[in-house]
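Below you'll find the structure, written out as structure tokens, and then a few comments.
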Amino acid sequence: MSTDAALDVRLLRNATLLLTVDETTFLVDPMLSSPGENPPVPNSPNDRRNPLVPLPDVELSYDAVLVTHRHQDHFDEAAEEELDADVPLFCQPEEEAAFVEEGFTDVRPVDETVSFRGITVHRTPGRHGHGELAEEMAPVSGFVFEGTETLYLAGDTVWYDAVDRTLQKFAPDAVVLNGGEAQFTEGRPITMGVEDVTAVREATDADTAVAVVHMEAINHCLLSREELRSNTEDVRVPEDGERLVF
């Protein structure tokens with residue numbers, strides 16, 4: 001798949017993206033279930049079944065798949081059934097065996113850095129929450145894609161020092177964050193909210209694009225797009241199906 005832009009991101013739903021770097025497209029975190037097909041995330045302030053919204057009518061054309069981590073809202077049974085077994089599939093090293101057991105034949109764990117069709121992919125740290133809860137939710141990863149331009153996909157993380165270090169090290173042209181301020185009935189949020197997104201925006205250059213996805217699709221994501229837009233500046237918050245050209 002090719003586009004006219006060096007960096008092109010189309011949000012499908014939640015964290016599911018078609019991410020194109022130069023002329024190579026990655027399907028990121030495929031959650032392909034129909035609305036209500038999966039149970040609610042437990043211990044959440046509401047008990048609506050997931051996903052909350054349908055997939056937009058967008059053609060799934062891609063060269064490879066990348067899964068930041070195997071929580072159900074990032075890789076579900078529908079994706080396991082629909083993806084071709086021989087698709088190049090990039091993942092965390094800790095999750096390689098699970099994909100192989102499911103029958104995928106071209107699993108490519110990213111320890112530190114890999115290359116694919118001229119794109120360099122770096123795995124970066126993530127912290128999925130705070131304190132003991134973050135340990136329970138681990139492992140999670142972000143990824144940096146380097147081509148003609150550079151994009152940092154932060155994954156399911158809150159703002160902390162490793163995110164700041166990644167921004168300073170790679171100086172990306174675009175940053176995609178997972179928002180929604182997902183949380184349980186107890187404890188602090190496990191994905192980014194207004195303060196986290198603001199911290200990222202302040203840590204980046206003015207000409208770096210910052211976009212936030214992972215919104216309004218899963219029952220424990222409580223921060224709305226409108227709330228995020230109203231409380232941040234110079235941040236893109238796309239609707240499902242929307243294409244962002246950087």
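Quick note: the coordinates plus some simple rules give every number you see, no bench work behind them. Everything numeric in this text was worked out from a predicted model, so none of it was measured. Cβ sites come from the backbone with ideal geometry, for glycine too, and all protein chains shown count toward neighbours.
Can you find, among Val175, Val212, Ala154, the residue farthest towards the positive end of the dipole of the range 138-244? Put +1 on the C-beta of Lys and Arg, -1 on that of Asp and Glu. Working it through, the farthest residue towards the positive pole turns out to be Ala154. Beta bridges assigned by DSSP with both partners in the range 57-134 are antiparallel in approximately 45 percent of cases. Spatial offset of the range 82-100 relative to the range 122-155 amounts to 18 Å, using the alpha carbon center of each. Of the peptides 88-101, 9-22, the order by per-residue mean of other Cβ atoms within 10 Å, starting with the highest, comes out as 9-22, 88-101. To the nearest 0.05, how large is the calculated FRET efficiency for Ser34 and Glu59 if R₀ is 22 Å and r is the Cβ-Cβ distance? With a Förster radius of 22 Å, E is 0.80.
Restricting attention to the chain, close to 65% of DSSP beta bridges with both partner residues there are antiparallel.
Using the charge dipole of the chain (Lys, Arg: +1 at Cβ; Asp, Glu: -1 at Cβ; taken about the Cα centre), state which of Ala98, Leu228, Val67 has its Cα farthest towards the positive end. My answer, from the dipole projection, is Leu228. Packing order of peptides 171-177, 34-40, highest average first: 171-177, 34-40 (average count of other Cβ atoms within 10 Å over each peptide's residues).
Rounded to the nearest Hz, the phi-derived 3J(HN,Hα) couplings of the range 144-158 under the Karplus curve 6.51 cos²θ - 1.76 cosθ + 1.60 (θ = phi - 60°) are 10, 10, 10, x, 4, 10, 10, 10, 10, 9, 6, x, 7, 8, 9, where x marks glycine and proline. Amide H contacts under 5 Å for Asn219: Val41, restricted to partners 5 or more places along the chain or on a different chain, H placed in the peptide plane at 1.01 Å from N. The dipole here belongs to the range 46-100: it is taken about the Cα centre, uses +1 on the Cβ of Lys and Arg and -1 on the Cβ of Asp and Glu, and is about 300 debye.
The charge dipole of the chain, taken about its Cα centre with unit charges on the Cβ of Lys, Arg, Asp and Glu (plus for the first two, minus for the last two), comes to roughly 460 debye. Modelled this way, with points 7 Å down the Cα-to-C-beta line, the labels at Ser224 and His130 are 2.5 nm from one another. Across the range 168-176, rounded Karplus estimates of 3J(HN,Hα) from the backbone phi angles (6.51 cos²θ - 1.76 cosθ + 1.60, θ = phi - 60°) give 6, 5, 9, 6, x, 6, 9, 10, 10 Hz, Gly and Pro being marked x.
Ranking Val58, Val107, Val200 by Cα position along the charge dipole of the chain, where only Lys, Arg, Asp and Glu carry charges on their C-beta atoms, puts Val200 farthest toward the positive end. The Cβ shell under 14 Å around Pro189 holds other residues with a net charge of -4, Lys and Arg each +1, Asp and Glu each -1. Taking the average, over residues, of other Cβ atoms within 10 Å as the packing measure, peptides 146-158, 182-194, 233-245 rank 146-158, 182-194, 233-245 from highest down. The amide H of Ile119, built 1.01 Å from its N in the peptide plane, has no neighbour under 5 Å, considering only residues 5 or more places off or on other chains. Over the chain, DSSP H runs of length four or greater, each weighted -39,500 (n - 2.57), average out per residue to a 222 nm ellipticity of -4500 deg cm²/dmol. Modelled label positions at Asp234 and Asp164, each set 7 Å beyond Cα in the direction of Cβ, lie 1.9 nm from each other. With both residues required to sit in the range 83-223, DSSP beta bridges show an antiparallel share near 55%. Our note on the geometry: Cα centres of the range 171-198 and the range 38-56, 18 Å apart. The charge dipole of the range 1-119, taken about the Cα centre with unit charges on the Cβ atoms of Lys, Arg (+1) and Asp, Glu (-1), comes to about 480 debye, rounded to the nearest 20. The simple Förster model, with R0 at 25 Å and r as the Cβ-Cβ distance, assigns Val87 and Thr113 a FRET efficiency of 0.75.
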